[in-house]
Amino acid sequence: MAQKKFGDAIHAALTHAMETDPSVYVMGIGVDDHRAVFGSTKGLVDRFGPERVFDTPIAEGAMTGIAIGSALAGMKPVHIHIRTDFLYLAMDQLCNMAAKWRSMFGGVMNVPIVVRAVIGKSWGQGAQHSQALQSLFMHVPGLKVAMPTTAADAQDLLIAGIQDPNPVLLFEHRLLFDLQSEVDESFPVLPFKRTVVRRKGSDLTIVANSYMVVEALKAAEFLSAHGIEAEIVDPVTLVPLDDAPILASVKKTGRLMIVDTGWTTCGVSAEIAAVAAEKAFSSLKAPVRRLGMQPVACPVSKPLEKLFYADGDAIARAAFAMVGKPFPAAEPPVAVHAFKGPF
Amino acid sequence: MPKLDKALARELYRLMLRIRLAEERVVALYPTDKIQSPIHLSIGQEAIVAGACKALGKADRAYGTYRGHGLFVAMGGGIDKMMAELYGKDTGCARGKGGSMHMVAPEIGLMGCSAIVASTIPVATGDALAAKMKREKRLTAVFFGDGGIDEGVFYESASFAALKKLPVIYVLENNGYAIHSKVRERHAKTELWRIGERLGLPGRRFDGNDVYEVHESFAKAAAEVKAGKGPILLEYATCRVYEHVGPRTDFKETYHEKNDEAKAKARDPLTVAQKALQKRGWAAPADFAAWRKAALAEIDDAVAFAEKSPFPGPERLLADNFA
């Protein structure tokens, strides 16, 4: 075991996968340049050569199809997008082709592709460099979707995703790249289905994913200091979703808040609220509460951007309302993570 | 490059005839509603798939479109599996999951047919990329209509294939219409074989209704592509005889040119090939009759197979979503 940053864990997992399986290759805009997708592909081209690590034209549609075709012919591509927003350009190939290929041809072929997409936030990312589109892809059968939160998740999901015979989409939040956690350097292959309880608590369940776990943990500290114990549950894989830990928590606390990195409408929060309504309805003591991005394009102006995102403060305020207590006269929790610069 | 000889010339004719008669049987069966799937017929366009696929090697691969019956049979797929697929039966080539628009037979190199225009163009390009990365001596052919060059992925794929010198042949079946729109109504430049030139994709144009011209031109291109010269676009001019989708002809509709029907009839690929065979003295009238009889018997058996095959069981519904 070792302490690693999220971005370094991705780098280590890619290196390990490429070392152990010659069919693994990495492509995407900028994967072989000096920025190396926040360092996550740094030096791979020197180590594995330009045939297995290559920059692509800015052509997400065709390049996704090319990844699919190479996978049908025995390769295992890892296709990297420095922003999730660019996946709209790849929707046809991801949703009409990768997601369908196995099913529509009667199960005779698989499409083992991994797509890494980075969600932007901070420093004026604006409307088209900030989107978190996980729920769009959850909607389409045939795609596996996950959001790593810790460095260990990042490594494990990439290792498992590359070995998975199905199309796998990994949504990585930009603000997580420098956060550290303990990782297993033996690169174990863990099942691609996991929900992790990040914090134990008895008063309410907060289901949060990706960077929202960081905000929720910050809120939970504040809540705990004021007598409310929140249990924080992180559905790391969204498809397939391991709902058992979520339901067990809701049955214990009776209150469910869901905080997603994306919009609420038809989003992760809507899906998990529906799962709770279907399977744990009688345990709910209060209406389910959902937090996410405001239903509008992300603004650049700082005061508006702050209002646009859910944060620790909003989570804490919603938690107090759910348990029926007044918000205390104290300094609310603040988000501490941000990056500065063009990427 | 295989030289056209008597045996191959006869074989090409028979292959086209089998495709033609199989699709005519589909038309005849359609009113029974046993085929509960849209059908996009390749009647009148058989020469392209027959001529091209017979020039492919065993390791070569093909991708196609929703107009895929002909390609499936030309690649060596059994008409029985095709019919069963159209019937939605478990014995079909996609176990009843795909239907008419999604013919497939990876075991013989037909990797798939898609119902989204141009969508297999990048996939085939990626298949060729894998061949290059794995040092496999094979090529990938992708068949698409003139509507396929309307989509952005065609240009993105062509440019990438040229950049990486990939072993892929882009086979443009120009039947004159994308649904009901002519090429000149959709593009300022109508010399489609030249459309990739500035991207580094050379192109050539041939008569797509002459199976022997298709075979010779495709075989020549295949040899070049396999020698590492990079991708090529082959445009084959043909005629769409049936409506875009469905079991009828619609020459009377206003979108058609006045002489389309006469042109299609005069240039029917079976007629063209029959004349060529007779001119060379490579087939007698009795041969044509015998081939027809054999093909009809094969199709009778295929339909009987489809009729008696079981539908997929309920356990098959969710079975193929994930591996």
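Every number here is computed from the coordinates shown, using simple stated rules; none is lab data. Just so it is clear, the model here is predicted, and its values are computed rather than measured. Reconstructed Cβ throughout: ideal geometry from the backbone, glycine too, with neighbour counts over all protein chains shown.
Observations on the model:
- Once the gyration tensor of the Cα atoms in the protein assembly as shown is diagonalised, the equivalent ellipsoid follows with semi-axes of 54, 26, 21 Å, ordered largest first.
- Residues B:Ala223 and B:Tyr30, FRET efficiency given R0 of 51 Å [Cβ-Cβ distance, rounded to 0.05]: 0.80
- Average beta-carbon neighbours from other chains, 10 Å sphere, peptide B:92-98: 4
- Relative to the dominant Cα principal axis of chain A, helix A:268-279 is inclined by about 60°.
- Over segment B:172-323: Rg over Rh, Cα atoms, Kirkwood Rh: 1.06
- Here the calculated FRET efficiency for B:Leu163 and B:Phe311, from their Cβ-Cβ distance with R0 = 30 Å, stands at 0.05, rounded to the nearest 0.05.
- Cross-link check: pairs B:Lys89/B:Lys279; B:Lys137/B:Lys189; B:Lys164/B:Lys220; A:Lys5/A:Lys200; A:Lys100/B:Lys137; A:Lys76/B:Lys182 evaluated at a Cα-Cα cut-off of 32 Å; pairs beyond the cut-off: B:Lys89/B:Lys279; B:Lys137/B:Lys189; A:Lys76/B:Lys182.
- Here segment A:1-144 is assigned +1 on the Cβ of each Lys and Arg and -1 on the Cβ of each Asp and Glu. Its dipole about the Cα centre then comes out at about 400 debye.
- Sorted by Cβ density within 10 Å, fewest first, the residues A:Tyr211, A:Tyr88, B:Tyr155, B:Tyr13: A:Tyr88, B:Tyr155, A:Tyr211, B:Tyr13
- In summary, the helical segments of chain B meeting the span-like criteria, namely a full DSSP H run, a Cα extent along the axis of 15 angstrom or more and a mean Kyte-Doolittle hydropathy of at least -1.0, are B:6-29, B:120-133, B:152-164, B:211-226, B:269-280, B:285-308.
- Choice from B:Gly200, B:Gly313, B:Gly230 with maximal GNM fluctuation in chain B (Cα, 10 Å cutoff): B:Gly313
- Helix A:244-253 axis versus longest C-alpha principal axis of chain A: approximately 10°, rounded to the nearest ten.
- Residue of B:His180, B:His244, B:His69 that the Gaussian network model of chain B assigns the largest fluctuation, springs spanning Cα pairs under 10 Å: B:His180
- Spacing of the modelled spin labels on A:Thr265 and B:Glu253, each 7 Å from Cα toward Cβ, amounts to 3.6 nm.
- Cα gyration tensor, segment A:111-200 - rounded (a/c under 1.5), prolate or oblate: oblate
- Distance from segment B:7-81 to segment A:211-262 (C-alpha centre basis), Å: 56 Å
- Build a GNM of chain B with springs between Cα atoms under 10 Å apart, and of B:Lys189, B:Lys132, B:Lys220 the one that fluctuates most is B:Lys189.
- Taking 0.36 nm per residue of sequence separation and removing the Cα-Cα distance, the A:Lys193/A:Asp55 pair yields an extension gain of 46.6 nm.
- Computed label-point distance, nm, for sites B:Lys6 and A:Ala330 using a 7 Å Cα→Cβ extension: 9.8 nm
- Estimated distance in nm for a label pair at B:Arg292 and B:Arg194, the labels positioned 7 Å out from Cα along Cα-to-Cβ: 4.3 nm
- Proximal charge balance of B:Lys89 [Cβ under 14 Å; K/R count +1, D/E count -1]: +2
- Rg over Rh, two decimals, chain B (C-alpha only, Kirkwood Rh): 0.95
- Axis of helix A:312-323 versus longest Cα principal axis of chain A: the two differ by about 50°, to the nearest ten degrees.
- Think of it as helices only: each DSSP H run of n ≥ 4 in chain B is worth -39500 (n - 2.57), and spread over all residues that comes to -13000 deg cm²/dmol at 222 nm.
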